[in-house]
Amino acid sequence: MIPEPDYETLKKKEFEKKEAKKMSGKMTQYRWWVMAFIFVIYTIANADRANIGFALPYIRKEFAMSNTEAGAIISLFFAGYSIGQIPSGFLIRKFGMRSMFSMGMLLTSIFTGLLGFAGNAFHFKALRLLIGLAESPVVVGCTTTINQWFPPKEKGTATGMFLAGSKLGPLIVPPICAWIILTFGWREIFIAFMIPGVLLSVFWYIMVNNKPEESRFVSQKEVEYIHSSENVAMEKKNTEKKSEYKLWWLDKIVRAKKVEPLVNSKQIFRSWDIYGAAMGYFFMVGIVSVLMSWLPSYLVNVKQFAIMKTAFVSASPFAGTVVGNFLGGWVSDRFLNKRRKPLMMVTALSTTIMMYSLVYAPADAYLLALLLFGTGFLLSVGYSAFAVYPMGRTTKEAYPVAWGIVNTGGQLGGTCFPLIVGMILDKFNWDVVFASLAFGSFICLLIVSTIIEPVEDPLEKPHS
């Protein structure tokens, strides 16, 4: 007997064909929805790591910790995070971004919730280390997604949005944590922050594929747009380039050169440019980690601010970083012809100045908030460039490993700096802390100045 056709299946297939045909001629913009998902998810991920800073004075009071011990709790997150970066790059390259990202976000949220049940300092340290390890695939997954889903001319803007999300987390944490502490207690902070992360990890797996061509929400026209722009710089004539970008003197300063992209792990591990970017990122992430984790303690213990005033001032540098990350990525795409190193150097130099200015921080909460807003803004203008730089130096396939190295350097800074600050505070004071951060930022400037800016056609000095 001939089996009767399954009319429901046939109807479903016919509908899918019609939808595919309709989508093929339509220019969708789903990559920007993916960017929105990244922004929200990474905001929550960074809130999970920043909430410890606001809870720290209360944790120290309950468990009687020294500054050095408190610094160790902060640093252990970054230790686990840095250890997991390079392995995450290889795992994402092998198993795909979609599954590794979702698993990382899920475990990060669960371990964050367990902090609310920690019975002693050892439990805190162990869980902070696990949170760092679990979150490693999340950041590598975010940048890998941007690299796969966006053409070169949009990658700086997209990465700026991504890192703005990383600073929106610490921006929203202080007022939420202050309310939770006043209403419930410090333990409930971690339980509350667990819930959205668990939900978003499932959402990501459903909505985002490894590549745009695999997604049912992306039309063929959008796929072609993403990939046809791969060599957009190569397609432009030299005269067109020079009419758009005339900063030949800047190309000399940043050592702009035409170089072959790194295509495999062997080349990446032998590249000074990747290591130089990683060493520069070491200082930038270290400084951000101090602001994120130690600033509330500084405001409570040194400035003697009440809890709500502490929340207001603690949020101010991260309001600046949100604006700076958005602006920095857009400027590097639109006005610097996809050159990333200029803003990396601007950030290193300006952060040196702003960190030293905090030695003379005003006692007035509003003036201090304004100073910290400016500090966060200048620090973040070139912050996203550290993530975008390896995109221009490698192929898409090699990028996860290169970014794993750069971010390992960054998270080692996040590991070392909070612990060093704790040790300094046990011996000296906050003036020494801020002066040390200024010195570290200046070293970042010197290191970043040595790496090459990869471009298709560096400008030469025009003949008179």
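The values are calculated or read from the model by the stated rules, or taken from the named source; none is laboratory data. Note that the coordinates shown come from a computational prediction; the quantities given were computed from them, not determined experimentally. Neighbour counts run over all protein chains shown; Cβ positions are idealised from the backbone, glycine included. When the accessible area is computed, the model is the full protein with side chains, heavy atoms only, and any ligands, DNA or RNA have been set aside. Shrake-Rupley method; radii C 1.70, N 1.55, O 1.52, S 1.80 Å.
Here is how the numbers come out for the structure above:
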item: Test for Thr375: is it at pLDDT below 90 and part of a helix (DSSP H, G or I); result: no
item: Any hit, the stretch 409-430, residues being open to solvent by less than 50 Å² (accessible area, probe 1.4 Å), closer than 16 Å to Met344 by Cα and touching a residue at least 12 places away in the same chain (Cβ under 8 Å); result: yes
item: Test: Met279 is at pLDDT 85 or above, open to solvent by 70 Å² or more (accessible area, probe 1.4 Å) and under 17 Å from the mean Cα position of the chain (by Cα); result: yes
item: Hits in the stretch 338-361 (condition: assigned to a loop (DSSP other than H, G, I, E, B) and open to solvent by less than 40 Å² (accessible area, probe 1.4 Å)); result: Arg339, Arg340, Ala361
item: Test: residue in the stretch 291-311 that is part of a helix (DSSP H, G or I), open to solvent by less than 20 Å² (accessible area, probe 1.4 Å), in contact with a Cys (Cβ under 8 Å, 6 or more places away or on another chain) and at pLDDT 85 or above; result: no
item: Of all residues in the stretch 362-384 being under 23 Å from Arg255 (Cα atoms) and of a type outside the set (Val, Ile, Thr), the one that is surrounded by the most Cβ atoms within 10 Å (Cβ to Cβ); result: Ser384
item: Residue in the stretch 187-199 that is in contact with a Cys (Cβ under 8 Å, 6 or more places away or on another chain) and either within 23 Å of Leu114 (Cα to Cα) or modelled with pLDDT of 80 or more (or both) present; result: yes
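Yes or no, residue by residue, for (1) among the β-branched types (Val, Ile, Thr); (2) closer than 17 Å to Leu56 by Cα; (3) surrounded by 24 or more Cβ atoms within 10 Å (Cβ to Cβ); (4) within 12 Å of the chain's Cα centre (by Cα):
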{"position": "Leu106", "(1), (2), (3), (4)": "no, no, no, no"}
{"position": "Phe122", "(1), (2), (3), (4)": "no, yes, no, no"}
{"position": "Asn147", "(1), (2), (3), (4)": "no, no, yes, no"}
{"position": "Pro152", "(1), (2), (3), (4)": "no, no, no, no"}
{"position": "Met161", "(1), (2), (3), (4)": "no, no, no, yes"}
{"position": "Ser166", "(1), (2), (3), (4)": "no, no, yes, yes"}
{"position": "Leu171", "(1), (2), (3), (4)": "no, yes, no, no"}
